[in-house]
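This report concerns only the one structure given below.
The values are calculated or read from the model by the stated rules, or taken from the named source; none is laboratory data. These numbers come from a predicted model, not from an experiment. Please note: Cβ atoms are built from the backbone with ideal geometry, for glycine as well, and neighbour counts cover all protein chains shown. Ligands, DNA and RNA are stripped out before the accessible areas are found, and what is left, the full protein with its side chains, is counted by its heavy atoms. Shrake-Rupley method; radii C 1.70, N 1.55, O 1.52, S 1.80 Å.
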Amino acid sequence: MTVRWGVVGPGRIAEMVVRDFTHVPDAEVVAVASRSAERAGAFASRHGIGRTHTGYRAILDDPEVDVLYIATPHPQHRAVALAAIEAGKAIMVEKAFTVSSVATREIAAASRRTGVFAMEAMWTRFFPAVVRLRELLADGAIGEVRSVQADLGVRNLTDAGDRYLAPELGGGALFDLAVYPISFAQMVLGEPSVIAATGALGPTGVDLEESILLGWPDGRSAALQASLRCAMPGSARVIGTDGWIEVPPRFHHPDRIELHRHGAEPEEIVLPATGGGYAHEIAEVTARVAAGEQESPVMPLADTIAVQDVMAAVADQLGMIPEEGPATL
Ligand SMILES: NC(=O)C1=CN([C@@H]2O[C@H](COP(=O)(O)OP(=O)(O)OC[C@H]3O[C@@H](n4cnc5c(N)ncnc54)[C@H](OP(=O)(O)O)[C@@H]3O)[C@@H](O)[C@H]2O)C=CC1
Ligand SMILES: O=C1CO[C@H](CO)[C@@H](O)[C@@H]1O
C-alpha cells in the first residue's frame, strides 16, 4: 500500500523533507498546499508533485491524501492540525509542535478521540545513531543513567524579517532550538519535576538564549543550553554510573555516537542516516498510518506534551507569553 502525503506550507524545511521521500518506497507526495497558488505551483514542479491547492482548507478536502506534513511556523500548526484530524487526515507536525501546552493537549486529545494518527516531526529520535543510543541505555551499557547535557546554538540575529525573531511566528531560541535538548533529555530521563531557566529576551520580545536545569525527584538532572546569539557546538552527553555516551555535533542529526565505559577504550559507533535524515521519520509515519495506528511509540504524544510543558515553564520564567496564531486555513 502506498501512503499518500500532502505538504502544508512549502517553505525551507518542506523543501528538504520532500527530497527524502525517494528513500521511502511506500510513501509518495501527491499534493502540496500553499497560501499562494504560485508558490504551490513552483514547489510542485520542482519536486514532481501532481496536485496543488491554494489555501490549506482545500488539501483537507482532497480525498487522495492520507497524511499531511505540516511545515508552517509553529504558532500556525494548531489550526491546521485540528482541522486535519477532523477531516480524517493523519498528521506529522514540525517541531515545535505548538507554542503552548493547551494547544498541544488539544491536538493530542483530538487524535486520541478520533483515532487519527498524529506525531511531532522530531526527526532526531529516528536517526539510527539515536536508536542505538536508546538500545545501549536499555542494555545498561553505562549503568544507571543519572544526567544529560546538551546544547544547540546558532548565531542567527541578522534575519530581522524572518520567523526566528518574530513573536507572531514563534520566534526565539526556545521553540526553534531548545526544543531539541529538551526533547533529548525527555527521551532519556522522562518528564522532569523541577524546571529552572535563566536567559535573555531580545528587542522583539522573543528569547535569544537560555540555560535550563531540569531535575527529577531521585536526583537525576539535565543541564541544557540554547542560543540564537552564540554559535554552540550542538553536542549531547548521557552520563551513567558506569560511563557516558557522547553524541558529537550536531546531536540533533547525528551520524555516530561514542561509548565511554569505565575502564575500557572508547568505542565509536558510526551509523549514517539515510538521505537528508528525514527519511526515518517519514518511514515511521508511513508504516504507522498503513497499519492504522494512532501514534508512534518512538515519538508518542505524551512525550510531546511533556516537552511542551517544559517549554511553557521556560517561556514563563523568561517572561515570554507565546500565542498561537490565528486560525487561518
Ligand atoms: N526538522 C527540521 O530540521 C526543521 C524544522 N523546522 C520547523 O519547520 C517549521 C517551518 O520552518 P521553516 O521551513 O524554516 O519556515 P519557512 O518560513 O521557511 O516556511 C514556512 C511556510 O509556512 C507557510 N506559512 C503559513 N503561515 C505562515 C505565516 N503566518 N507566516 C509565514 N509563513 C507561513 C508559508 O508557506 P505558504 O505561504 O506558501 O503556504 C511558509 O513558506 C517550523 O515549525 C520549524 O521549527 C524548520 C527547519 C528545520
Ligand atoms: O529544526 C531545525 C534544524 O536545526 C536548525 C539549527 O541547526 C534549526 O534552526 C532548525 O529550525
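Considering only residues of the stretch 1-20 that are more than 16 Å from ligand 2 (Cβ to nearest atom) and surrounded by fewer than 23 Cβ atoms within 10 Å (Cβ to Cβ), which is farthest from residue 96 (Cα to Cα)? If we take residues in the stretch 1-20 being more than 16 Å from ligand 2 (Cβ to nearest atom) and surrounded by fewer than 23 Cβ atoms within 10 Å (Cβ to Cβ), then 1 is farthest from residue 96 (Cα to Cα).
Scanning the stretch 70-123 for residues that are within 10 Å of ligand 1 (Cβ to nearest atom) and open to solvent by 20 Å² or more (accessible area, probe 1.4 Å) returns 73, 76, 95, 123. Close Cβ contacts (under 6 Å, 6 or more residues apart or on different chains) running from residues in the stretch 304-316 that are within 19 Å of residue 223 (Cβ to Cβ) to residues that are part of a helix (DSSP H, G or I) and open to solvent by 10 Å² or more (accessible area, probe 1.4 Å) comprise 306/186; 307/186; 309/101.
Selection of the stretch 300-325 for residues being over 10 Å from residue 191 (Cα atoms) and among the hydrophobic types (A, V, I, L, M, F, W, C) yields 301, 311, 312, 313, 314, 315, 318, 320, 321.
Filter the stretch 224-238 down to the residues that are open to solvent by 50 Å² or more (accessible area, probe 1.4 Å) and among the hydrophobic types (A, V, I, L, M, F, W, C) and list them by number. Across the stretch 224-238, the qualifying residues are 230, 231.
Taken over the stretch 283-329, the criterion of being at pLDDT 95 or above, outside any helix (DSSP H, G or I) and among the hydroxyl-bearing types (Ser, Thr, Tyr) is satisfied by 296 alone.
Based on this model, can you work out whether residue 188 counts as assigned to a helix (DSSP H, G or I) and surrounded by 24 or more Cβ atoms within 10 Å (Cβ to Cβ)? Here the answer is no, as residue 188 does not meet what is asked. Scanning the stretch 43-69 for residues that are open to solvent by 20 Å² or more (accessible area, probe 1.4 Å), closer than 14 Å to residue 9 by Cβ and of a type in the set (Gly, Ala, Ser) yields a single hit, 58.
None of 157, 152, 133 is within 16 Å of ligand 2 (Cβ to nearest atom) and open to solvent by less than 20 Å² (accessible area, probe 1.4 Å) except 152.
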